[in-house]
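Only one structure is covered here, and it is reproduced in the block below.
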Amino acid sequence: MNLELTILSNLVYNEKYARKVLPFLKAEYFTDKSYKIIFLEIHEYVSQYDALPSLNALSIECQERVDLSDEQFQNILEILNELSNDTADYDWIVDTTEKWCQERAIYLSLMESVKIADGQDTKRDKGAIPTILSEALGVSFDQSVGHDYLDNSSERFDFYNRKEDKIPFDLDFFNKITKGGLPNKTLNVALAGTGVGKSLFMCHVAASVLLQGRNVLYITLEMAEEKIAERIDANLLNIPIQKLSDLPKSMFQKKIASLGKKTQGKLIIKEYPTASAHVGHFKSLIGDLALKRSIKPDIIFIDYLNICASQRYKGSIVNSYTYVKAIAEELRGLAVETNVPIVSATQTTRSGFGSSDVDLTDTSESFGLPATADLMFALISTEELEEVNQIMVKQLKNRYNDPTLNKRFVIGIDRAKMKLYDVEQSAQQDIIDSGQDLEYDNKEETKKIANKFAKIKF
């Protein structure tokens, strides 16, 4: 008995096996048309009646099909008679079926890719090939059935007492609100208006993570690769961005070489045209980095979320709420799949531009985005803050900590050098907030500060 016939036999006679593998099987995996039809009838029967079909039920269902000739029907009856109730070992047949699905998926995706490459498939262009191959390589049976609350208590206790792997910031208050940094499998989003500092924030954090000896992947859909690299040069070399071109080449290369000795990490900057790339492209890039450069990112930056494409939807056929929400969900799924934190950004709404305060309602195009993100914060700039080279951070959502603690705080900003930095503790006293993690009771001084920041709505 061949493998495909063995699979069909177990789908009919082994309920445990059938319920495990049916969600992952596809008719196109079967090489024989009769096998495909039998599989489809089994799948339809289980879906409709929540039970395995008998051979008699399958023969009747096949007989009622109008797309079969008498010869094809007789062939199906012969195959049904070959099905054996001598079921295979469960673990072996599940593992073997999974391997078969993977091999068939890869083979079919390669054939499909060849058709696209040769122009035989006029509905899709060559840009779809990486996604097709990536999906095939990702075929897998999920062996986990979930966490058993009572039986898995020991594992849960170990989890509580395990030091979580996080990527720390070089900014004290960001470490405070995240309890030490960004955990893996998370989506973290900065909300700000145009020119406030979304890209500056991400470039700064990317630079600081690189200095930690970690691998960084920075995906840009807004600016060129060279422009992002220029910002990171200004940050790491501590030189105003306008002055970089004044450096002699020898001195520039010497500084970069010195920087290379300080870290074992890699920083990869990849540019995609605006609104052209989605998680399928990002997965393909991550695969290429692993294969060609032996680089696995420890953190991924995506600049920025709203100008990504969705893998599930075409922008023209869905509303902006659904579209942006889908992008956010897909990016968080990528974070889980790659086991890294993802940092991105989003625009404020029109009403949020130039506002002295920002809330979740100011999220551009989609309230579904804050619902998906693990951490979301606003970057707020006012004339008063710019005068003292500061920017305000306001927590909007936080799954890592109580968002009412240090709900608002300020950090220093050096726009020329594309840097962020901690400010004196006294600067935080300008932020009068019930959740602020500091003690401050001087009423007269409070009054002065309140007047100074009167334009900032709390």
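The values are calculated or read from the model by the stated rules, or taken from the named source; none is laboratory data. In this text, all values refer to a predicted model and were calculated from it rather than measured experimentally. Reconstructed Cβ throughout: ideal geometry from the backbone, glycine too, with neighbour counts over all protein chains shown.
Set side by side, the residues SER113, SER140 differ, and just one is without any contact (Cβ under 8 Å) to a residue 40 or more places away in the chain and of a type in the set (Ser, Thr, Tyr), which is SER113.
Return yes when VAL21 is touching a residue at least 40 places away in the same chain (Cβ under 8 Å), in the same structural domain as LEU108 (by TED's automatic domain parsing) and under 17 Å from GLU103 (Cα atoms) and no when it is not.
Considered against the rule, which asks whether it is touching a residue at least 40 places away in the same chain (Cβ under 8 Å), in the same structural domain as LEU108 (by TED's automatic domain parsing) and under 17 Å from GLU103 (Cα atoms), VAL21 comes out as yes.
Each residue in region 172-185 was checked for being touching a residue at least 24 places away in the same chain (Cβ under 8 Å) and surrounded by fewer than 21 Cβ atoms within 10 Å (Cβ to Cβ), and 7 of them qualify.
Being touching a strand residue (DSSP E or B) at 6+ places or on another chain (Cβ under 9 Å), among the basic types (Lys, Arg), crowded, with 19+ Cβ neighbours inside 10 Å and over 28 Å from LYS99 (Cα atoms) is not true of LYS166.
Against the test of being assigned to a helix (DSSP H, G or I), surrounded by 15 or more Cβ atoms within 10 Å (Cβ to Cβ), among the β-branched types (Val, Ile, Thr) and in the same structural domain as PHE282 (by TED's automatic domain parsing), the options ILE239, ILE232 yield a single qualifying residue, ILE232.
All conditions but one from (1) out of contact with any Phe, Trp or Tyr (no Cβ under 7 Å at 6 or more places or on another chain); (2) at pLDDT below 80 apply to GLY315; the one that does not is (1). Scanning region 379-428 for residues that are of a type in the set (Phe, Trp, Tyr) and not in a loop (DSSP other than H, G, I, E, B) yields a total of 2.
Regarding region 422-441, can at least one residue be identified that is under 30 Å from the mean Cα position of the chain (by Cα), modelled with pLDDT of 85 or more and closer than 18 Å to ASN188 by Cβ? Checking region 422-441: not a single residue is under 30 Å from the mean Cα position of the chain (by Cα), modelled with pLDDT of 85 or more and closer than 18 Å to ASN188 by Cβ.
From the set of residues in region 288-308 that are over 13 Å from the mean Cα position of the chain (by Cα) and of a type in the set (A, V, I, L, M), which is nearest to ALA192 (Cα to Cα)? Step by step, filter region 288-308, then rank; the result is ILE307. Of all the residues in region 116-161, those that are surrounded by fewer than 10 Cβ atoms within 10 Å (Cβ to Cβ) and either in the same structural domain as LEU22 (by TED's automatic domain parsing) or closer than 27 Å to GLY287 by Cα (or both) number 8. Would you say ASN238 is modelled with pLDDT of 90 or more, more than 23 Å from the chain's Cα centre (by Cα), polar (S, T, N, Q) and over 29 Å from THR274 (Cβ atoms)? In short, yes. The listed residues are ARG104, ARG124, and the only one of them that is among the basic types (Lys, Arg) and not in a helix (DSSP H, G or I) turns out to be ARG124.
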